[in-house]
């Protein structure tokens with residue numbers, strides 16, 4: 001009996017994790033498609049291995065290994081931000097920066113938006129002035145997530 005319960009729990013955990021990955025991929029696919037205006041092959045750079053693995057399953061995203069090849073850079077922690085800052089002066093074109101934390105959105109004026117967790121709920125924000133600087137116009141479905149400044 002204990003073995004059956006253990007097998008069930010392992011199966012259930014795997015199922016929940018797969019559902020979380022699927023919903024994460026759907027969210028970022030919609031966000032990145034709107035941010036870039038591209039429908040196919042959005043080049044995404046991130047140093048986070050988990051996101052790299054998730055994005056590898058997307059039909060319209062390609063994970064790239066160099067910042068200068070990216071359409072979008074997903075900033076997941078301070079080291080990603082420092083890596084971008086150290087490299088940005090040598091880049092021919094500037095990719096769109098998107099973050100996974102409010103503090104990263106607040107502290108870097110190049111980051112246009114973020115998805116993050118607050119009090120157990122997911123939050124989405126875009127900074128209108130930064131979107132304008134990149135020449136980005138998002139669809140009406142994102143209008144309630146726009147703020148003037150974080």
By how many degrees, 0 to 90 and rounded to 10, does the Cα axis of helix 78-87 deviate from the longest principal axis of the chain?
-> 40 degrees
Among DSSP beta bridges lying fully in segment 29-147, give the percent that are antiparallel, nearest 5.
-> 30 percent
extent check for segment 29-147: Cα max minus min per principal axis, descending, whole Å, gives 33, 31, 30
Nearest 10 degrees, 0 to 90: helix 2-36 Cα axis against the chain principal axis = 20 degrees
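The numbers here are math on the coordinates, done by the rules we state, and not lab data. It should be emphasised that the depicted structure is a prediction, and the values quoted were computed from it without experimental measurement.
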